[in-house]
Amino acid sequence: MEVALEDNNLMEKVLPPDEQEIDVELEAKEKKYLRGEGANLESLKDKKLKTQLASREKLYGKSAKAAAKIEKWLLPASAGYLETEGLEKTWRIKQTDIAKEVDLLSSKNQYDIVLPDFGPYKLDFTASGRHMLAGGRKGHLALVDMMNMNLIKEIHVRETVRDVAFLHNDQFFAAAQKKYSYIYARDGTELHCLKEHGPVARLRFLKNHFLLASVNKIGQLHYQDVTYGDMVASIRTGKGRTDVMEVNPHNGVVALGHSGGTVTMWKPTSQAPLVQMQCHPGPVSSVAFHPNGHLMATSGKERKVKIWDLRKFEEVQTIHGFHAKTLSFSQKGLLAAGTGSFVQVLGDSSGGGGGYSRYMSHSMVKGYQVEKVMFRPYEDVLGIGHSMGWSSVLIPGSGEPNFDSWVANPFETSKQRREKEVHLLLDKLPPETIMLDPSKIGAMRPSRRKERPTRGEIEAEKEVAIEAAKSVEMKKKTKGRNKPSKRTKKKKEMVENAKKTFPELEHSNIAGKKRRIGEDAAAELPASLKRFARKN
């Protein structure tokens, strides 16, 4: 009987080969999410502590298993990078070489749109990467569906367009034109004219707060709430005109680059900058933020690109050799820099932000001047706006391979979009939540009140002060001023003064309260009013 039972247990433990492979793969992934080595519970003598640590380790194990299953089943795709052999260099590989090796759908992302009469072009993508907005300097606005490369709408405003930006979805976009900024619908209908912003140089949209931020020619920073149309804040930066503006996706703080080499960070509830950093000796030409919000890249006219750690506000790395007119971080941390007719992509080999080196490069046609570079979300694609139109190149490993349909869904239907818009409005954050450290939201503010000393502490301090007053030596005086009576009177005054600094507790407790009219109060009343006093 015992042998038969053992055989049955062995049969239960044996799994099919496919399930065995899955278990081994899950175990390998689970080790990646474990939080270090567990506590040594056998050496503990405190039973309560041992129980608490055991339950915590059990919880850590469950979370690691859940994370491993999510990675296995919900995040099946992995980012791929260029890999070379021997003496080959990734930055020497051209787009023509990549096009021969990729699939048909990916090869469609390589194109050049030539529109020499309306450039240079500014670009912007929606959060899902499905739609692109292109704005030509000479008044051409185009909305493009990047999934099937269909032109949804194009309009000519017949005046200068300095910048373009999508609002919360692809149904609305803003354009900074010659005199005012305008908000347009998807079909090209003009919805609003933002006259209070003035002649705007740069536009950015804070999607979590539904705020349209702009900086104009005279250096004024404006925040406008697009849900109800009111101006939330109008700030005079005092740094003169600037063409450099970027939003930190981690906390919603707006960064401005100035001609004096400083980068200032702003929030709508403060008229003074939160941070003022001296980043370059000359004018700042571009600013970009890493998706995690902890790294910032700046470029200056002195042909340097600097990487900054915003947790310590320290310089992590300086890259010499080229002046970047425009910078952009990808979702996986690649940094694109464009200048003249040349685009260079830098990759972080260390993973901590301090090891950026040349990863890929792309040369435009001679004479093209790069105006804007921007990575397309959830795709290994870099969009380039230049003086002759806009282009798209493949950058392997730049986009997030797995998208969350609750955050950004490239395939969402109109019903899903309407429902998502309602949820975004319900989850809208107030402007007061914009701060350098958003983890402080919901935390308790430390109390500024001093703890009141106890009665015993007050009595002890009072006795020490009286003894110190009694032990003071009196000066010897002449002409009858050194009499014992006068010395005693003087000491009594010093003791009384020491006592006055410690008021009685009874008097201090009664001082802030209303006195009730009762028996004690009735005794103090005149005889004519005693009959009105309350009787017990």
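The values are calculated or read from the model by the stated rules, or taken from the named source; none is laboratory data. These numbers were taken from a predicted model, which means no experiment stands behind them. No Cβ is skipped: glycine too gets one built from the backbone with ideal geometry, and neighbour counts run over all protein chains shown. Each accessible area value is taken on the protein alone, full model and side chains, heavy atoms only, with ligands, DNA and RNA left out. Shrake-Rupley method; radii C 1.70, N 1.55, O 1.52, S 1.80 Å.
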Checked against (1) open to solvent by 50 Å² or more (accessible area, probe 1.4 Å); (2) within 24 Å of residue 414 (Cα to Cα); (3) assigned to a loop (DSSP other than H, G, I, E, B), residue 249 satisfies every condition except (2)
Some residue of segment 407-429 being open to solvent by 70 Å² or more (accessible area, probe 1.4 Å) and closer than 30 Å to residue 348 by Cα
yes
Considering only helices (runs of 4 or more DSSP H) fully contained in segment 22-129, which possess at least 1 residues that are open to solvent by 70 Å² or more (accessible area, probe 1.4 Å) and among the basic types (Lys, Arg)?
47-69, 95-101
Cross-chain or 6+ apart pairs with Cβ under 6 Å, segment 395-417 first and outside any loop (DSSP other than H, G, I, E, B), then open to solvent by 30 Å² or more (accessible area, probe 1.4 Å) and of a type outside the set (Val, Ile, Thr)
none
Has segment 369-389 got at least one residue that is farther than 30 Å from residue 243 by Cβ, among the aromatic types (Phe, Trp, Tyr), in a loop (DSSP other than H, G, I, E, B) and open to solvent by 40 Å² or more (accessible area, probe 1.4 Å)?
no
From the list 141, 151, which one is outside any loop (DSSP other than H, G, I, E, B) and crowded, with 22+ Cβ neighbours inside 10 Å?
141
Which number in (1) farther than 29 Å from residue 147 by Cα; (2) in contact with a Lys or Arg (Cβ under 7 Å, 6 or more places away or on another chain) marks the one condition that residue 346 misses?
(1)
Hey, does segment 149-156 have a residue that's basic (Lys, Arg) and closer than 19 Å to residue 254 by Cα?
no
